[in-house]
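Structure first, then comments.
The values are calculated or read from the model by the stated rules, or taken from the named source; none is laboratory data. Just so it is clear, the structure is predicted and the values come from calculations on it, not from any experiment. Cβ coordinates were reconstructed from backbone atoms using ideal geometry, including for glycine residues, and neighbour counts include every protein chain displayed. Just so you know, the surface numbers come from the protein's heavy atoms only, side chains and all, with ligands and any DNA or RNA stripped out. Shrake-Rupley method; radii C 1.70, N 1.55, O 1.52, S 1.80 Å.
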Amino acid sequence: MQIAKTITEIRACVSQARAAGKTVGFVPTMGALHVGHVSLIKAAAERCDFVVVSIFVNPTQFGPGEDFEKYPRPLDKDLAICEESGVDAVFAPSPAEMYPRQNLTWVTVEKVSEPLCGRFRPGHFRGVATVCAKLFNVVGPNAAFFGQKDAQQVAVIQRMVADLNMPLEIVVCPTVREPDGLATSSRNQYLSPQERKDATVIYRALQRSAELIREGKAAAAEITRYMGEVLRQVPALRIEYVSIVDAESLDDLRRVEGKVLVAVAARLGSTRLIDNIVVDATAK
Ligand code: PAF
């Protein structure tokens, strides 16, 4: 496995692979890799000949007071996971390599960035879209792989790629869950043992919404009210939002019709957790 710290080095690795006729799959990450990331790497390896993983804790997607400083950076462990998972090249740049001067050029995906997490993390999706645009320009992959758990991130990136005619495919992979339903996330390691137990209530609430939709309930406000009842079984949980939106545009829905995204964000202690499911209301 090749490890590149600079843009010049990773471009050289990818050029060599391209010269050998290989297709390039790319998994952008902020490190602290877990089984969810490994599933993205496996998906990339199934579809592409050469797999690149980036490990970069992107400062521009963290707001003031968020966990940028404390975000875990276990680089040696991450590199071992990449090696075991058959990654061909890792791009692990420094902040100065990615942002050598004050950044004056930003990618803002309007509308799709605004609801849900956008209301609670102003500027977050601008940082995500900008760093992904930069990483796509640096690596030049045929396809990039993202997890459904970050549904709004996926919607933002898909829209950016479509609007800016970026020549790559965005592949969305299913959310990987712990046996008790908690979606895997690098931030789960912040949870205390009690918070870790409490966190499972989020998936229970999402499952409740799927049951209600299958039973024929269509009023979004009624479904989110029932979900709130489940979530409030854990008094320590501070709900940011419980929303039912169109799975593609992320527009708020009053009635559940077609494919909908049911999404939750909540805090337990200092840890912010997000999760979602896509439910097809026509497939009862
Ligand atoms: O999902 C993440 O880990 C990050 O938002 C990403 C896509 C690597 C951009 O920094």
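Shape call for the stretch 44-195 from the C-alpha gyration tensor, a ≥ b ≥ c root eigenvalues: rounded (a/c under 1.5), prolate (a/b greater than b/c) or oblate? Rounded shape, in that the Cα axes give a/c under 1.5. Protection proxy ranking for 127-133, 57-63, using the average of other Cβ atoms within 10 Å per residue and placing the highest first: 127-133, 57-63. As a ratio to 2.2 N^0.38 Å, the alpha-carbon radius of gyration for the stretch 207-284 is 1.08.
Centroid-to-centroid, using Cα positions, the stretch 150-176 and the stretch 13-63 are 14 Å apart. If a paramagnetic tag sat 7 Å from the Cα of Arg73 along the Cα-Cβ line, which residues of the stretch 169-189 would have the backbone N under 18 Å from that point? Those under the cut-off are 186-187.
Gain on full extension, evaluated as 0.36 nm per residue between Glu46 and Arg267 minus their Cα-Cα distance, stands at 76.0 nm. As a ratio to 2.2 N^0.38 Å, the alpha-carbon radius of gyration for the stretch 34-88 is 1.33.
Of the solvent-accessible surface of the chain, computed with a 1.4 Å probe over protein heavy atoms with every protein chain present, carbon and sulfur atoms account for 49 percent. With both residues required to sit in the chain, DSSP beta bridges show an antiparallel share near 55%. Kirkwood hydrodynamic radius computed over the stretch 113-245 comes to 16.9 Å, based on all pairs of distinct alpha carbons.
Taking every Cα-Cα distance in the stretch 64-134 and sorting them into 5 Å bins starting at zero, the pair-distance distribution P(r) comes out as 3, 12, 16, 19, 20, 15, 12, 4 percent.
When the P(r) of the chain is calculated, the portion above 24 Å amounts to 52% of the C-alpha pairs. Ranking Ala155, Cys132, Gly118 by Cα position along the charge dipole of the stretch 89-155, where only Lys, Arg, Asp and Glu carry charges on their C-beta atoms, puts Gly118 farthest toward the positive end.
If you roll a 1.4 Å probe over the heavy atoms of the protein chains, what accessible area per residue do you get for the chain, in Å²?
48 Å²
Kirkwood radius for the stretch 1-132, taken over all pairs of different Cα atoms as the inverse mean of 1/r, rounds to 16.0 Å. Stretching Asn103 away from Phe120 to a fully extended chain increases their span by 3.8 nm, per 0.36 nm per residue minus the current alpha-carbon distance.
Highest mean packing first, where packing is the average number of other Cβ atoms within 10 Å per residue, the peptides 144-157, 164-177 line up as 144-157, 164-177.
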